[in-house]
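The values are calculated or read from the model by the stated rules, or taken from the named source; none is laboratory data. Model, not experiment: these values are computed from the prediction. A quick note on method: Cβ atoms are made from the backbone with ideal geometry, for glycine too, and the neighbour counts reach across all protein chains shown.
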Amino acid sequence: MPTDRRDTIAGGFTETASEYDGAVRFNLEGAQRLVLSIPPGHYDDVLDVGCGSGWATQAVIDRFHPARVTGVDPSDGMLDQFRAKRGEIAGVEVSLVQAGVEDMPVEPGAFDLVICSMAYHWFQHRWDAAAAMARAMRPGAIIAILCSGKGGEQAYRDVIADVEPINYQWLGAFDGNLRGVSEMEGYLVGAGLEPVDIWMERRVRYSTVDAYMERMRVVAGHIIGDPAAPEVAGWLSRVEARMRERSGPRGWTYEFNKLYAIAKKPS
Ligand SMILES: C[S@@+](CC[C@H](N)C(=O)[O-])C[C@H]1O[C@@H](n2cnc3c(N)ncnc32)[C@H](O)[C@@H]1O
């Protein structure tokens, strides 16, 4: 399976890894809510796919106290951020593996719980990704996925559709990344899993242009390009100007959707 695009995405996350925890603090709370939605149980062996700097792993450890966690991520920079926190994680064996969901070297049927927080929308092959995660699960195991949901970020999409030259790559990235409930159901059922609960959370966030642009730079730097390059810098400043024009009394206000899914591997 071609991994060039995967490596470009992972390289983007490596570039901004040291800023991730600061700029995308909301993902920590999302990971915590995802983990709170997992059915109560005993989960000794946990796999965190697209583990990044380890937020979802930490939430699982806090709630379920597993014996072993394997974190998989193709970004060495994100894994370095995770490694730096490992000293704070006591009583759990944490193994970190640099790989993608496409080629993760994990034992089939070895995990009681698979989590995947804010990474699924970056996977290039969603059906294969669901199948790979399902293979790693024991019969009766649970999978919990959180990703960006369809229909969100319209305010920003409207801005970039209005700034020239039109950035088709950026506009297309939203359509390529964002998925809905029925699509998620299809991925899970296609992988032989039984959906337990799938839901979309629609939120409105009151932010600032600066904070929003910082978040975009940190999670989607590989799409934006080098902000030091004059043509990228010029485009970004036109985008920011348009966002400021469209900001209201509560700053830059935008809607976004989060898609959550819990499913079970039949016993
Ligand atoms: C937004 S971060 C989420 C990190 C963490 N799970 C969290 O909740 O904060 C997305 C992560 O997905 C990883 N990723 C991108 N493509 C991937 C792939 N094909 N397989 C596994 N992980 C991938 C990125 O390297 C990045 O660390």
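Which is surrounded by 13 or more Cβ atoms within 10 Å (Cβ to Cβ), under 30 Å from Pro266 (Cβ atoms) and out of contact with any His (no Cβ under 6 Å at 6 or more places or on another chain), of Leu178, Leu236? Give the derivation first.
Details: Leu236 fails: under 30 Å from Pro266 (Cβ atoms).
Going through Leu178, Leu236 in turn, just one is surrounded by 13 or more Cβ atoms within 10 Å (Cβ to Cβ), under 30 Å from Pro266 (Cβ atoms) and out of contact with any His (no Cβ under 6 Å at 6 or more places or on another chain): Leu178.
Among residues of segment 86-114 being of a type in the set (D, E, K, R) and more than 12 Å from the ligand (Cβ to nearest atom), the one that is modelled with the lowest pLDDT is Glu88.
Quick grid of which residues meet (1) in contact (Cβ under 8 Å) with a residue 24 or more places away in the chain; (2) within 16 Å of the ligand (Cβ to nearest atom); (3) surrounded by 14 or more Cβ atoms within 10 Å (Cβ to Cβ):
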| residue | (1), (2), (3) |
| --- | --- |
| Asp128 | yes, yes, yes |
| Ile166 | no, no, no |
| Met184 | yes, no, yes |
| Leu188 | yes, no, yes |
| Pro195 | yes, no, yes |
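Scanning segment 1-19 for residues that are out of contact with any helix residue (DSSP H, G or I) (no Cβ under 6 Å at 6 or more places or on another chain) and either near the ligand (Cβ under 10 Å from one of its atoms) or outside any helix (DSSP H, G or I) (or both) gives Met1, Pro2, Thr3, Arg5, Arg6, Asp7, Ala10, Gly11. Restricting Ser37, Ser53, Ser117 to those that are within 8 Å of the ligand (Cβ to nearest atom) and either touching a residue at least 40 places away in the same chain (Cβ under 8 Å) or over 15 Å from the mean Cα position of the chain (by Cα) (or both) reduces the list to Ser117.
Scanning segment 36-72 for residues that are closer than 15 Å to Ala119 by Cα and not in a loop (DSSP other than H, G, I, E, B) returns Leu47, Asp48, Val49, Trp55, Ala56, Thr57, Gly71, Val72.
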